[in-house]
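Enquirer: Just passing along the structure, written as structure tokens.
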Protein chains: 2
Amino acid sequence: MSNDCEEFVIHPDNVAHAKKTLEDSNPTELAGFFKLLAGETRIKILLALSEVELCVCDISTTLNAKQSAISHQLRYLRQHRLVKTRRDGKQIFYTLEREHLHPILAQTLAHMKEEEAS
Amino acid sequence: MSNDCEEFVIHPDNVAHAKKTLEDSNPTELAGFFKLLAGETRIKILLALSEVELCVCDISTTLNAKQSAISHQLRYLRQHRLVKTRRDGKQIFYTLEREHLHPILAQTLAHMKEEEAS
DNA sequence: AACACATATGAATGATTGTTCATATGAGTT
DNA sequence: AACTCATATGAACAATCATTCATATGTGTT
């Protein structure tokens, strides 16, 4: 019935090392960051914005998705500083907030073309 | 009532460009990849394995999590070729499958230390 | 001021994902 | 062969997340 392995340390050195590695990182933040990129709609938005500025309307046309779905995702991206907005009349234009773009994401977006091109 | 913006193209050039960018990438695959990293438990497992080999028991001790939760996540990581296994008697040891580790993830794991250390 | 358009948002619904419990499998030990 | 330990897995449940619909806000136009 019991699974005592959780009460004994089987490989103390490795476990100690792994625990230290964990403590030295920030898994929660990391996972949170990847969650942003883990949605197809959000990734599409980021890719769509990777070279041009688009208004909400353009984005929903591009992705062929409902305006409100896009708006909700944009809010999420906005809150996490991945995109920024500019109002022009009735329209609101979105661009990538490149300064806040985690180097990892920047690289990813860059990588994409190369890989797909080959 | 209507929101016609989805039927008219507001900024044709930008939309065309964005559509092309989208077609040239693979958003579904990309999102799928990030989904792997978007779980706190999975990221912790990957971090824990980043420098040492661990058996399932060690991992659940390290993360202070239930064995079956870990096993389920390990299966997921295995299926996606992020980790590989080696059996030694009753125990099964997990290591990162570095060859299959997407460059993005490899960099991320490398980055971590540097950033947290500073 | 009334209207139309672009975007945002709240609430509800549906889909996806993670964890748990119970149990199965497979290896070593007696 | 019976038993124990380590891991895996199926099914149920809980939690999280994305999308929809209805409606609100804010801007420009008549």
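Enquirer: Has segment A:2-15 got at least one residue that is more than 13 Å from DNA strand D (Cβ to nearest atom), closer than 19 Å to B:N64 by Cβ, outside any helix (DSSP H, G or I) and not β-branched (V, I, T)? Spell out how you get there, then give the answer.
Expert: If we filter segment A:2-15 for residues that are more than 13 Å from DNA strand D (Cβ to nearest atom), which is where we start, we get A:12-13.
Narrowing further to those that are closer than 19 Å to B:N64 by Cβ: A:12-13.
Pick out the ones that are also outside any helix (DSSP H, G or I) and you get none.
No, the conditions are met nowhere in segment A:2-15.
Enquirer: In segment A:76-95, how many are exposed (fewer than 11 other Cβ atoms within 10 Å of the Cβ) and assigned to a helix (DSSP H, G or I)?
Expert: Step one: list which residues in segment A:76-95 are exposed (fewer than 11 other Cβ atoms within 10 Å of the Cβ), which gives A:79, A:87-90.
Still in the running and assigned to a helix (DSSP H, G or I): A:79.
The total comes to 1.
Enquirer: Check off (1) touching a strand residue (DSSP E or B) at 6+ places or on another chain (Cβ under 9 Å); (2) at pLDDT 95 or above; (3) more than 8 Å from chain B (Cβ to nearest Cβ) for A:Q91 and give me the number that stays unchecked.
Expert: Status for A:Q91: all satisfied but (3).
Enquirer: Mind listing just one residue for me: the one in segment A:17-43 that is more than 7 Å from chain B (Cβ to nearest Cβ) and more than 14 Å from B:V52 (Cβ to Cβ) and, of those, most open to solvent (accessible area, probe 1.4 Å)?
Expert: Here the residue is A:E23.
The values are calculated or read from the model by the stated rules, or taken from the named source; none is laboratory data. Values in this document were obtained by computation on a predicted structure and should not be read as measured data. FYI the Cβ positions are ideal-geometry reconstructions off the backbone, even for glycines, and counts take in every protein chain you see. These area figures cover heavy atoms from the full protein model, side chains too; ligands, DNA and RNA do not enter into them. Shrake-Rupley method; radii C 1.70, N 1.55, O 1.52, S 1.80 Å.
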